[in-house]
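These notes concern the structure reproduced below.
The values are calculated or read from the model by the stated rules, or taken from the named source; none is laboratory data. These numbers were taken from a predicted model, which means no experiment stands behind them. Please note: Cβ atoms are built from the backbone with ideal geometry, for glycine as well, and neighbour counts cover all protein chains shown. Ligands, DNA and RNA are excluded from the accessible area calculation, which covers all protein heavy atoms including side chains. Shrake-Rupley method; radii C 1.70, N 1.55, O 1.52, S 1.80 Å.
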Amino acid sequence: MKKRSKIWLFIILVALVAGLIWLMKGGKQEEKIEFVTAKVEEANLQNSVTATGTIEPVTSVTVGTQVSGIVSKLYVDYNSEVKKGQVIAELDKTNLMSELNTAKANLSSVQSAFEYQKSNFNRYQTLFEKGLISANDFENARLSFQQSKEQVATAQEQVKRAQTNLGYATITSPIDGIVLSKSVEEGQTVAASFSTPELFKIAKDLTNMQVVANVDEADIGNVKAGERVSFTVDAYPDDTFEGRVTQVRQEATTTNNVVTYEVVINAPNGSMKLKPGLTANVTIYTAERQGVLCVPSKALRFTPTPETVGDKKIEDIQGKNKVWVLEGNTLKARAIQVGMSDGLHTEIVNGIAKGADVITELKVITEEAQDESESERSPFAPGPPGRKKK
């Protein structure tokens, strides 16, 4: 009995020792360093600024009237095409004709008085020269003649003003274009006492539109005339429209402590899809380079240390901008000259050839992590070389 107990105790101790050895071996994970690389290759780089704006006609004119009256006739409606000089509306002319006739009658009256004062002045001048009247009588006659002459001039101006006002009663289009808005109806009274009432708004050409975008003060320094622009509108979300910056306006607008500047962008509209007032989501390309050698920007931020690269050797050089390459068992730094960057990629001006592999980062892979990744492999997929099938 005692022999059996000793045998079982021995077996338990052997099992504990074996388990402890297994745990100690399992706790130590074999680590493997893997370098992630990227090739030096050609790419297109872009830097851009985003903003929102409004679609507007390049040229639009508000048509009003300088005289008050009742709208008697309207000859156009919304979307009507008009020509320069075309009659588009008329005001009632009854009162304006009456004012013109009154002005003409007054002119006729003062002209008759002027003829009398002229004859009277000539007669008094003859008598004064012969010494038959006093100088005072002569001066009175000349004063009456001058006043009558000025009254004629005033009456003539009144006639011209009445004729002009009568002409204002006929509203004509100042440009060739399309009627965007109409603010009056026939029979409506318009009053031009303090301001010019708006009757119509006419756009010159809807095939050439513009976007007026509000660009933030932090971005406006990079925006210049001639830069390429793409934009979309909610009405046609699948369409992308193109344009160019034509003007960067100097006047600032402050809204809720946010300072913006207006940037004008031409927008060809041959398809007539762009309508005045649509909101545009604008992308302004402030810098573009096509087909330049690039590397991922994180390659310039990678810096190896002896603690991270294991048994690999490191050959460093002096320089601000450099990338690292792996040659055999050695990490070598290459000094480069950089150009433009879009954040993700950086242009390489010189220092390394196209097609070279540069290190962007390193990964430390443990045996356990490798086993876990392999366990996620499809059971029907072939395993790695040298691995025994279970």
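Please compute the contact order of the range 162-283 in relative form: average sequence separation of alpha-carbon pairs under 8 Å and at least six residues apart, divided by the residue count, as a percent. If you can, show how the numbers build up before the last one.
Values: 181 pairs, mean separation 32.0, N = 122.
Answer for the range 162-283 is 26 percent.
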* Asked: Say the dipole of the chain comes from +1 at the beta carbon of Lys and Arg and -1 at that of Asp and Glu; which of F121, T54, L74 then lies farthest toward its positive end?
  -> T54
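Taking 0.36 nm per residue of separation and subtracting the Cα-Cα distance, what length does fully extending S112 through R142 add? Walk me through the intermediate numbers first.
Numbers: separation 30, 0.36 × 30 = 10.80 nm, distance 1.66 nm.
Answer, rounded to one decimal: 9.1 nm.
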* Rounded to the nearest 10 degrees, what's the angle between the helix 94-129 long axis and the longest principal axis of the chain, both from Cα atoms, 0 to 90? => 50 degrees
* Could you order peptides 225-231, 244-250 by the average number of other Cβ atoms within 10 Å of their residues, highest first? => 225-231, 244-250
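With runs of 4+ DSSP H residues as the only contributors, calculate the mean residue ellipticity of the chain at 222 nm using -39,500 (n - 2.57) per run, divided by the residue total and rounded to the nearest 500.
Values: 6 runs with 113 residues, N = 390.
Counting only the DSSP helices, I get -10000 deg cm²/dmol.
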* **Stokes-Einstein diffusion coefficient of the chain, Kirkwood radius over Cα pairs, 25 °C, 0.890 mPa s, in µm²/s** => 77 µm²/s
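What's the magnitude of the charge dipole for the range 140-197 around its Cα centre, counting Lys and Arg as +1 and Asp and Glu as -1 at the beta-carbon? Answer in Debye, nearest 20. Numbers along the way, then the final one.
Details: 5 positive and 5 negative charges, 77 e Å.
My answer is approximately 360 debye.
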* Asked: So in the chain, what percent of DSSP beta bridges are antiparallel if you round to the nearest 5?
  -> 95 percent
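So for the chain, averaging the separation of alpha carbon pairs under 8 Å that are six or more residues apart and normalising by length, what relative contact order in percent results? Don't skip to the answer; put the middle values down first.
Working: 704 pairs, mean separation 101.7, N = 390.
Relative contact order for the chain comes out at 26 percent.
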* Cα extents of the range 265-357 along the three principal axes, largest first (Å) -> 67, 25, 21
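Largest first, what is the accessible-area ranking of K312, K160 with a 1.4 Å probe?
On the way: K312 55, K160 115 Å².
Ranking K312, K160 by accessible area, largest first, yields K160, K312.
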* To do: Read phi for every residue in the range 249-263 and hand back ³J(HN,Hα) as whole Hz from Karplus 6.51 cos²θ - 1.76 cosθ + 1.60, θ = phi - 60°, with x for Gly and Pro.
  => 7, 7, 6, 9, 10, 10, 10, 6, 6, 9, 9, 10, 10, 7, 10
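May I ask you to give the solvent-accessible area per residue for the chain, in square angstrom, as obtained with a 1.4 angstrom probe? Walk me through the numbers on the way to the answer.
Details: 25180 Å² over 390 residues.
Per residue, the chain has an accessible area of 65 Å².
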* Asked: Hey, got the dipole for the range 98-145? About the Cα centre, +1 on K and R Cβ, -1 on D and E Cβ, debye to the nearest 20?
  -> 100 debye
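To the nearest 0.05, how large is the calculated FRET efficiency for I317 and T37 if R₀ is 30 Å and r is the Cβ-Cβ distance?
Numbers: r = 19 Å, r/R0 = 0.64.
The calculated FRET efficiency here is 0.95.
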* To do: Just list whichever of K84/K104; K118/K160; K83/K104; K313/K363 have alpha carbons separated by over 28 Å in the model shown.
  => K84/K104; K83/K104
* Tell me, what are the semi-axes, in whole angstrom and largest first, of the equivalent ellipsoid of the range 123-188 as set by the roots of 5 times the Cα gyration tensor eigenvalues? -> 56, 11, 7
* **Gap separating the Cα centres of the range 299-346 and the range 45-67, nearest whole Å** => 50 Å
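Which peptide among 163-174, 315-326 comes first, and what is the full order, when sorted by highest mean count of other Cβ atoms within 10 Å? Don't jump to the answer; show the numbers that get you there.
Values: 163-174: 16.7, 315-326: 14.7.
Packing order, densest peptide first, comes out as 163-174, 315-326.
Out of the total accessible area of the chain (probe 1.4 Å, heavy atoms of protein only), what percent is carbon and sulfur? Please list the in-between numbers first.
On the way: 12660 of 25180 Å².
The computed percentage sits at 50.
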